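The values are calculated or read from the model by the stated rules, or taken from the named source; none is laboratory data. Keep in mind that this is a model prediction, so the values were computed, not measured. Cβ atoms come from the backbone with ideal geometry, glycine included; neighbour counts cover every protein chain shown. In case anyone asks, the SASA skips ligands and DNA or RNA and just uses the protein heavy atoms, side chains included. Shrake-Rupley method; radii C 1.70, N 1.55, O 1.52, S 1.80 Å.
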Amino acid sequence: MTKGGRGWGRRDLLRRGLLVASGVAIGAGTSEAWWITNRRVPLAGGSASTTSGNGQQDVGPGALEVVWSGPTGQRLVALTFDDGPAPQWTPMVLDTLAQHRVPATFFLVGSQVRRHADVIRDRLAGHEVGNHSWEHRDLAELDAAEAYDDLRRSHDAIADATGMPPRLLRPPYGHLGGAVLHAAARLDYRLVLWSLQMVEREFPDDPVGHAQRIVAGVRPGTIVLGHDVGARRRLVALRGLPDMINGLRSRGYTFVTVSALLGRA
């Protein structure tokens, strides 16, 4: 202000202009730095976005359910197996389940279904199938169109081979990018994760110990994640599957598919 308080002096105006210009420059620099750092995660489109373009969103019913477990107080448990089918291990799992009359949910990889349809043909009565992508890529790194194309391809392969169009999706690694959610909504899927995972590497060569660990960890409504494909250490869980089943039944648990679990809940 001038000495008399009547207005801004020339020096004051120049100083104020410099401050404003500096602030604009700093803001622009910050914005540019943010964009450089995050250029792989665009605000519209890309793997992070749950929208696709600026038009009407083609997402079926327009809603998506994500579940980790069944919200129930009943002693119900759902066994799930990912990554198959494969001729090495999937028949072992199916044989054990048939022997003990246990239903399960298999999250199938589409390319594996194309290669090994004979492994599961006529063997899935009483079981349920879900989509686990075409080639087990990380769908959270794809954009909406790519994620949809991957899941649609796998969906069709599973439906053709099993006669059961999948209604459930478990994305590889449990990664939920925005594009995955968008694609899942388009396919009218229920997105299923898990609340307890088999921990084979903690029990090398100890199938009984591993089974006891899982039996102790199950709660009403638990969805258990296992695999019927993979490293040999996973055989610890599969070889201990009879003990796991008997142990859970001794605790009063009933085995159901994921959809049955969620339906009853």
> On alpha-carbon atoms, Rg over Rh for the stretch 181-259 using Kirkwood Rh?
Replying inline: 1.05
> Among 97, 107, 46, which residue has its Cα positioned farthest towards the positive end of the charge dipole of the stretch 38-114, with +1 placed on the Cβ of Lys and Arg, -1 on the Cβ of Asp and Glu, and the dipole taken about the Cα centre?
Replying inline: 46
>> Can you tell me, using C-alpha contacts under 8 Å and at least 6 residues apart, the relative contact order of the stretch 130-265 as a whole percent?
In response: 20 percent
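Round to a whole number: what % of the accessible area of the stretch 181-254 belongs to carbon and sulfur, probe 1.4 Å? List each step's numbers first, then the result.
Details: 1430 of 3110 Å².
The C+S portion of the solvent-accessible surface of the stretch 181-254 is 46 percent.
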>> If packing is taken as the average count of other Cβ atoms within 10 Å, what order do 180-186, 232-238 fall into, highest mean first?
In response: 180-186, 232-238
> For the stretch 63-154, what class follows from the C-alpha gyration tensor (a ≥ b ≥ c being the square roots of its eigenvalues): rounded when a/c is under 1.5, otherwise prolate if a/b is larger than b/c, else oblate?
Replying inline: oblate
> What whole-number value in Å² describes the accessible area per residue of the stretch 43-128 for a 1.4 Å probe?
Replying inline: 50 Å²
> In whole angstrom, how far apart do the alpha carbon centroids of the stretch 203-239 and the stretch 65-140 sit?
Replying inline: 15 Å
> Given the Cα-Cα distance of residue 51 and residue 111 and 0.36 nm per residue of separation, how much length would full extension add, in nm?
Replying inline: 18.9 nm
